1. What's the extension gain from residue 45 to residue 19 if we count 0.36 nm per residue and subtract their Cα-Cα distance?
2. Taking the mean number of other Cβ atoms within 10 Å as a proxy for protection, how do you rank 46-52, 23-29 from highest to lowest?
C-alpha cells in the first residue's frame with residue numbers, strides 16, 4: 001500500500017487556510033479604499049453635471065435657480081434624476 005496517494009495532511013491544509021486568511025486581511029482594506037474612491041468620483045461627476053446645469057440656467061435666464069426640493073432641481077434645471085439621486089444616495093443625505 002502506498003502512502004503517497006492519501007492526499008494532503010492536516011498541517012498542509014491549515015497552512016493554506018492561514019495564507020489565504022493573511023492575503024484576505026491585507027486585501028480587504030485596499031478594496032474598501034477603492035470602493036470609496038469610486039464613490040467619490042461618481043459624486044464629483046454628478047456634481048459637475050448639476051453645476052453645469054446651474055451655469056446654463058444662469059446664462060439663459062439671467063437669474064439663479066430657486067430649487068427647494070430635489071424634484072425641482074430635476075425639472076427646472078433639466079438634470080436627470082439619476083445624477084441628483086446618486087449624490088444623495090452616496091452622501092447619505
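1. 5.4 nm
2. Descending mean neighbour count gives 46-52, 23-29.
Throughout, read-outs are computed from the coordinates displayed, never taken from laboratory work. In this text the structure is predicted, and so the values were computed from the model without any measurement. Heads up, the Cβs are rebuilt from the backbone with ideal geometry, glycines too, and the neighbour counts pull from every protein chain shown.
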